[in-house]
Amino acid sequence: MQGNIKQIVEPKAALAERIAADIRCHARDADLPAGAHLAEQEMADRFLVSRSPVREALVLLEQQGLVERRRHRGSFLLRPGRDLPDEARPMRVDDDADYARIAEDRLDGRLPERITEAALGRQYGLSRSRILTLLGRMQQEGWVERLPGHGWQFLPILATTAAYEDGYRFRAAIEPAALLSPGFVADPVVLGRLRAEQQALLGGGLARVPRSALFHVNAGYHEALVALSGNAFFIEGLRRVNRLRRLIEYRKFLEPERLVRQAQEHLAILDRIEAGDPSGAAALLERHLRTIRRLRLPDGRMVLIDPR
């Protein structure tokens, strides 16, 4: 995945500062303990960037006295996530109406496959700098790329309910199989991190985490479990589906009660893995995927909801 990431339009320093703020937000939302390991590749996957801006962000956090970088071991939090300052929590582009309008128009086919910054600016009445910021976010999230020379191209997405459900059928085939793979290793560090994230959501995070951050946490949960199989084909297949389904997730209607049950189901799967019962965990995971695949309004339409 990382080898395919294109250079985004944000200035290098600004990108590092934003990733540093994202790491602080993640540590607070997941209630990470003091001493938690902030793995560069994990952070790069979570925020859909290369390892270079993550490394620069960790240097900034070290300069702020929030992170300790240990030679040959990585970076570690110096204080609990709940104690980290959040005054610099970034304004997420996907939290505002401009991003939502473009996402909705892309899903409904009202935007051509190729478009220029000027054309987008005219269509939405936005300045070039604002359009560049939006395009940077879209590129980071994997649904648009800059064309050589001039213009931008929208990348394939799951834009219909049928395609969306096909993605879930694919996931229901490979994710349980990953847990039953001969190479699966129940890494206690990874499982502990996933448990802490889901418990933090149940402890109040669901009420304050933006929709985009919730997508990162939950998609990251499934990707981390599949990664424990050591099967690169499983891992890359799931990551590709997650990139393709991102936009339609913003239309998906989830009641608060269902979000709670989803986190509880995630914890139940971890319980089975930690108990040495991969078959039980795989069965729970398959049922979990089958259930959330059906979560939409009675008329079959997925609605875009306020992600905040």
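Peptide packing: for 106-119, 192-205, the average count of neighbouring Cβ atoms within 10 Å per residue gives the ranking 192-205, 106-119, highest mean first. Global size of the range 93-154: 10.5, 30 Å for Rg and Dmax (C-alpha atoms, Rg to one decimal, Dmax whole). When its C-alpha radius of gyration is set against 2.2 N^0.38 Å (N residues), the range 161-293 gives a value of 0.99. Averaging Cα coordinates gives a centre for the range 27-66 and one for the range 177-244; these two points are 17 Å apart.
Laboratory data are not the source of any read-out in this text; all were calculated from the coordinates shown. These numbers were taken from a predicted model, which means no experiment stands behind them. Virtual Cβ from ideal backbone geometry, glycine too; neighbours counted across all protein chains shown.
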